[in-house]
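To keep things clear, I will list the structure first and then write my remarks on it.
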Amino acid sequence: YIRIHDVTAVQMDCVEGLKTDQKTLLTLHWVLPHFQIARLMESHDMDSVVKALDDIERALGYELFNQMFPLILTDNGHEFMDIEGMERSCTQSGKKRTMIFFCEPNRSDQKGDCERNHREMIIPKRKFSFDDFTQDDITLVVNHVNSYVRESLYNKCPFDWIDGKFPQAFLEALELHKIPAENVIMSPKLLRHIKQISLL
């Protein structure tokens with residue numbers, strides 16, 4: 001499909017916080033620039049995944065969503081089983097906004113770039129409750145992560161790599177912007193306004 005249609009796959013995953021959490025994160029990752037966005041979901045289920053994608057489409061519009069997410073690769077988690085809901089447009093009746101493809105069973109490593117990038121997410125996995133976070137908190141995190149200079153990107157950050165390649169309208173609609181290198185914080189202290197993190 002990639003060869004025939006000349007498109008790029010965006011890797012999608014779900015990140016859980018504490019076992020007691022209701023909320024969870026949906027992440028979408030572009031491999032080459034290591035660029036990742038995240039949406040806070042109310043529940044770890046199919047309806048929440050579809051709603052998160054709907055929210056992104058409404059923010060971007062159908063054409064821009066389809067341009068940025070022509071093909072999404074994910075795993076076989078229960079939250080990704082509503083294929084029709086994930087693929088269909090919520091703004092253009094009868095149209096598909098994306099194509100969903102799945103890793104082979106027990107081969108989540110086929111989207112390993114997405115999972116490896118979670119290590120940069122500032123919020124240690126299963127250390128803090130996602131129920132205490134807002135979407136603004138998550139957007140703040142991804143802006144800092146995407147502004148972090150990496151050796152693997154030849155001492156550039158993901159924002160540098162997408163400059164001039166990703167539409168400005170995409171960045172503005174999702175409130176994504178580069179943080180100056182000297183202001184990047186890659187630790188939970190970035191979120192010290194949240195009570196449980198304030199003592200770190």
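Being open to solvent by less than 20 Å² (accessible area, probe 1.4 Å), part of a loop (DSSP other than H, G, I, E, B) and free of Cβ contacts under 8 Å to residues at least 60 places away in the same chain is the filter here, so list the residues in region 88-140 that pass it.
89, 97, 98, 103
When you check residue 63 against the structure, is it more than 30 Å from residue 181 (Cβ to Cβ), open to solvent by 70 Å² or more (accessible area, probe 1.4 Å) and part of a helix (DSSP H, G or I), yes or no?
yes
Which ones in region 23-45 are of a type in the set (S, T, N, Q) and either closer than 17 Å to residue 77 by Cα or without any contact (Cβ under 8 Å) to a residue 60 or more places away in the chain (or both)?
The answer is 24, 27, 43.
Output the residues belonging to region 49-104 that are among the hydroxyl-bearing types (Ser, Thr, Tyr) and more than 15 Å from the chain's Cα centre (by Cα).
62, 89, 91, 93, 98
Hey, among the residues in region 147-162 that are of a type in the set (A, V, I, L, M, F, W, C) and in a loop (DSSP other than H, G, I, E, B), which one's most open to solvent (accessible area, probe 1.4 Å)?
Of the residues in region 147-162, the ones of a type in the set (A, V, I, L, M, F, W, C) are 149, 153, 157, 159, 161-162.
Still in the running and in a loop (DSSP other than H, G, I, E, B): 149, 157.
Working: 149: 65, 157: 1 Å².
Within region 147-162, the match that is most open to solvent (accessible area, probe 1.4 Å) is 149.
Would you check which residues across region 167-200 are in a helix (DSSP H, G or I), surrounded by 14 or more Cβ atoms within 10 Å (Cβ to Cβ) and at pLDDT below 85 and list them?
If the condition is that a residue be in a helix (DSSP H, G or I), surrounded by 14 or more Cβ atoms within 10 Å (Cβ to Cβ) and at pLDDT below 85, then 197 is the only one that fits.
The values are calculated or read from the model by the stated rules, or taken from the named source; none is laboratory data. Just so we're clear, the structure is a prediction, and the values are computed from it rather than from any experiment. With ideal geometry, Cβ positions are generated from the backbone for all residues, glycine too; neighbour counts draw on all protein chains shown. The accessibility values were calculated without ligands, DNA or RNA, using every heavy atom of the protein model including side chains. Shrake-Rupley method; radii C 1.70, N 1.55, O 1.52, S 1.80 Å.
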